[in-house]
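Each value in this text was obtained by applying a stated rule to the coordinates, not by laboratory testing. In this text the structure is predicted, and so the values were computed from the model without any measurement.
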Ligand SMILES: [Zn+2]
């Protein structure tokens, strides 16, 4: 096992992103996430989206978005909720 192989893949990144945004990661994992954000534009954009979605959701409380909310937002909300429930 060599330490410098511990690169986070995009898939792993997405899996731990909600924990990262919750501040639930260990410092070493946070560092991995932040390193990935620097090198990966796609995940960086995705993180910004998640951040603003979560910000929006926390303003709404646990209520689902109003009808008329864009479908992708609703889907993200459900995925986010399912992840938090598990
Ligand atoms: Zn990535």
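Stokes-Einstein, applied to the Kirkwood radius of region 2-54 over Cα pairs at a viscosity of 0.890 mPa s and 25 °C, places its translational diffusion at 219 µm² s⁻¹.
Multiplying the residue separation of residue 40 and residue 19 by 0.36 nm and subtracting their alpha-carbon distance yields 5.7 nm.
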